[in-house]
Amino acid sequence: MFIFAAMANEANNFAEIISHCKEYGYIFQSSELYDGLAAVYDYGQMGAQLKKNIRDAWWKSMTQLHENIVGIDAAIFMHPIVWKASGHVDSFSDPMIDNKDSNKRYRVDHLIEGHVEQLAVDKEALGKEILANMDALLAANDYTGLKKLIEDNNIKCSISKTCNWTDIREFNLMFNTKIGSVTDEADTIYLRPETAQGIFVNFLNVQKSGRMKIPFGIAQTGKAFRNEIVARQFIFRMREFEQMEMQFFVRPGSQKKWFDYWKDERKKWHESIGIPAEKLRFHDHIKLAHYADMALDIEFEFPFGWKELEGIHSRTDFDLTQHASFSKKKIQYFDNDLNEEGKPYGNYTPYVVETSVGLDRLFLTILSLAYQNETWIKEDGTEDSRVVLKIPAKLAPTKLAILPLLKKDGLPETAKELMNECKQSFHCFYEEKDAIGKRYRRMDAIGTPFCVTIDHQTKEDNTVTIRYRDDMRQERIAVSEVRKLVEGMIK
Ligand code: GAP
């Protein structure tokens, strides 16, 4: 018996999390062999599985638990006119500013926010004032005013340490390439900056083939690409990332009701996958995107501050109307139910409420909550410690580690039998090397919620020791109970 006394390191050192991700196969810098590619990351053997589990949980909640939401998988490449119609060619840009001495380019809001974050504690009021001014100037597209705000507050470039700035200009965030095998025939094509447009252009296909009745939703997960100029904070802001989006088609005039509904529903969902309510908050948009009449972010308190995790947008009928106009095809819905309600029935362009969450950001959320550096005093008075990933069991990449105490006496054979049984239901990990304590620590570090040890007693009475990652409790259970017990805990 030991006395469990100490707790997690609250600071959750971000640099430690990043190096832990690399050491234990969660996330690697892309093309690391060639010194890496900025703001692009690869998911390793543990990370890919965790990412899949998060994606699956979202997909299930949307398409299985909501009877009126279906899922699709549209291609990344789309007709170039899609992006003209959606407004992305003309409006999907961020205001940027360059420092003339270092030639470093900054997104204006990031530059100002970074400055405010570094202000002394007694300058909190000033920080709030600067941010409020920034929001108002951004909303008014007042770039002269924004440059003056930067200069008046003596906001400097982190490299040159000077305040020698260019004028503020807009830069489009879309990547483009050429399609076609012969150069002459090649045409410009964009890498999609959001998955949503694949849903809008398929609205009629899905509605008609699935006989969908409004209100209904179309969900999709997939890669999106943005040429983010200031790329920072690990997988928080990447140039290639994954979105999980759902467009909910509603009657015109009912968008406020559904906006409020999805606002609550999405926050509840985040809580259901283990994110504490006090680490989530809403942030209403002051400057609305070109397509929205209401918008908010669900923010999470990341180790580097409160930041956007998910966006909820009321996109009106903007996208469907634009696609109808550019394609010269009718995109409307015939609402027979209005007739039954005694109202004149007819065709209309549905309004859309969108929920859009970044899978990578959600991954970072789960990981930054899970990473804990624990110390405690043992019964003999000495200190012990561990690094543990307390990933919720239902999301953990590996659910169960099966560990024969020794590599002999038939223990590996019994362990393999259990492995063969359990791997039919969930991911298991088999390990017979090293002392058992060391193996437990490694399973803690990769976030495996349950370990089962097979020892000599197992041969006598068919029981095993099960160890619970979060409190390191151990108990003996029948080997025949293991599969059922773990299945119950990961539901
Ligand atoms: N379809 C609407 C849309 O794309 P957004 O607010 O630009 O809206 C939605 O993006 C979500 O996608 C964000 O809340 C964020 O989680 C994720 N996201 C956006 N840009 C990202 C980036 N560069 N890297 C990682 N995730 C990003």
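Full extension of the segment from Lys407 to Thr177, taken as 0.36 nm per residue of separation minus the current Cα-Cα distance, would add 77.3 nm.
Note on the chain: helix-only mean residue ellipticity at 222 nm, from DSSP H runs of 4+ residues weighted -39500 (n - 2.57) and normalised by residue number, equals -10000 deg cm²/dmol. Of the residues Ile275, Ile76, Ile81, ranked by 1.4 Å probe accessible area with the largest first, the sequence reads Ile81, Ile76, Ile275. For Ser61, the solvent-accessible surface computed with a 1.4 Å probe is close to 10 Å², ligands and nucleic acids excluded.
Per residue, the accessible area of segment 17-110 comes to 50 Å², computed with a 1.4 Å probe over protein heavy atoms only. Using a cutoff of 8 angstrom between alpha carbon atoms and counting only pairs six or more residues apart, the relative contact order for the chain works out to 15 percent.
Which pairs in the list Lys100/Lys307; Lys128/Lys390; Lys22/Lys52; Lys128/Lys156 are over 24 Å apart, alpha-carbon to alpha-carbon? Don't skip to the end; give the middle numbers.
On the way: Lys100/Lys307 29 Å; Lys128/Lys390 35 Å; Lys22/Lys52 18 Å; Lys128/Lys156 19 Å.
Table pairs above 24 Å Cα-Cα are Lys100/Lys307; Lys128/Lys390.
Rounded to the nearest whole Hz, the Karplus-based 3J(HN,Hα) values (6.51 cos²θ - 1.76 cosθ + 1.60, θ = phi - 60°) of segment 462-473 follow the sequence 6, 10, 10, 8, 9, 10, 9, 4, 5, 10, 6, 5, with x at glycine and proline.
When all alpha-carbon pairs of segment 335-491 are counted, what percent fall beyond 19 Å? Considering segment 335-491, 63 percent of its Cα-Cα pairs are separated by more than 19 Å.
Considering only DSSP states other than H, G, I, E and B, which trypsin sites (Lys or Arg not before Pro) in segment 357-434 qualify as loop sites with at most 12 other Cβ atoms within 10 Å?
Lys407, Lys408, Lys433
Under a straight-distance cross-link criterion of Cα-Cα below 15 Å, which aspartates and glutamates are reachable from Lys438, leaving out those fewer than 8 residues away in the same chain? Partners found: Asp384. The trypsin sites (Lys or Arg not before Pro) of segment 197-237 that DSSP puts in a loop, and whose beta carbon has at most 16 other beta carbons within 10 Å, are Arg211, Lys213, Arg232. Would you list, by chain and number, the lysines whose Cα falls below 27 Å from the Cα of Lys328, excluding same-chain residues fewer than 8 positions away? Counting by Cα, and skipping residues close in sequence, Lys328 has these lysines nearby: Lys84, Lys178, Lys208, Lys213. Whole-Hz Karplus values for segment 271-280 come out as 5, 5, 9, x, 8, x, 4, 6, 9, 10 Hz, taken residue by residue from phi with 6.51 cos²θ - 1.76 cosθ + 1.60 and θ = phi - 60°; glycine and proline positions read x. Once R0 is set to 25 Å, what does the formula 1/(1 + (r/R0)^6) return for the Cβ-Cβ distance between Lys256 and Asp142, expressed as a FRET efficiency to the nearest 0.05? It comes out at approximately 0.30.
Cα centroid separation, segment 122-189 to segment 388-463: 51 Å.
Here each label is just a point 7 Å from Cα along the line to Cβ, and for Leu288 and Ala120 those points are 4.2 nm apart. Farthest toward the positive end of the dipole of the chain, out of Ala289, Leu485, Gly198, is the Cα of Gly198, where the dipole comes from beta carbon charges about the Cα centre. Using the Stokes-Einstein relation with a Kirkwood hydrodynamic radius computed over Cα pairs, the translational diffusion coefficient of segment 93-172 at 10 °C and a viscosity of 1.306 mPa s comes to 125 µm²/s.
Loop-located GluC sites (Glu not before Pro) across segment 263-308 with a Cβ neighbour count of 11 or fewer within 10 Å are lacking, with loop assigned by DSSP.
Largest first, the residues Phe241, Phe302 sort by 1.4 Å accessible area into Phe241, Phe302. Shown are Trp83, Trp269, whose ranking by accessible area with a 1.4 Å probe and every protein chain present, most to least, is Trp269, Trp83.
Rounded to whole Å and sorted largest first, what semi-axes of the equivalent ellipsoid does the C-alpha gyration tensor of the chain yield via the square root of 5 times each eigenvalue?
Sorted largest first and rounded, they come to 45, 32, 22 Å.
The values are calculated or read from the model by the stated rules, or taken from the named source; none is laboratory data. Just so we're clear, the structure is a prediction, and the values are computed from it rather than from any experiment. Cβ sites come from the backbone with ideal geometry, for glycine too, and all protein chains shown count toward neighbours. All accessible areas refer to the heavy atoms of the entire protein, side chains included, with ligands and DNA or RNA removed. Shrake-Rupley method; radii C 1.70, N 1.55, O 1.52, S 1.80 Å.
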